[in-house]
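Here is the structure we will look at.
Since every read-out is calculated from the coordinates, none of them should be taken as a lab result. Quick caveat: nothing in here was measured; it's all calculated off a predicted structure. We place every Cβ from the backbone using ideal geometry, glycine too, and count neighbours over all the protein chains shown.
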Amino acid sequence: MSTSIKRIFRSETGFTLVELLVVIAVLGILAGIAVPRLTGVQDKAKDAAIASIAGGIRTAMGIYHVENEKYPDSGADWGTLNTVLDTLELGTMAEHNIASINYESTADTFKLTFESLTTGDGDGDHDPTHTLTEKGFTD
């Protein structure tokens, strides 16, 4: 009986150490290619969230301009945007990837500059500053 058990184990085949190392190396190379691409996608998604919020703010600014024949004064406290977003049930600045906001206006124009929390993927092609004017939103 012990000889039949030995024959069973001898007839089994498996992977050699070299084959396993080759598979691990290939998986490592694939991971090295995929990870940097995924970080760029996350930054683009965060920027899209800022663009979405900017659209809502632009609409609100347009309504304010129609009702008051001017845009809010530059002295308006945009540091309390968290309060505005909370009132509109849109979350907080951090949830929308917004680090800071700068606001400038005249009677007929306004400019909001958003600084995003994204850091980019290190290739230098990501600008964390976004601008909203009465004409639209730019990255």
Problem set entry | FRET efficiency, ASN68 to SER100 (Cβ-Cβ, R0 22 Å, nearest 0.05) | 0.30
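What's the extension gain from THR131 to ALA107 if we count 0.36 nm per residue and subtract their Cα-Cα distance?
On the way: separation 24, 0.36 × 24 = 8.64 nm, distance 1.83 nm.
So the extension gain works out to 6.8 nm.
Test of understanding: what is the full-extension gain from LEU30 to GLN42, defined as 0.36 nm times their sequence separation minus their Cα-Cα distance? Mind dumping the intermediate values first?
Numbers: separation 12, 0.36 × 12 = 4.32 nm, distance 1.89 nm.
Gain in length upon complete extension: 2.4 nm.
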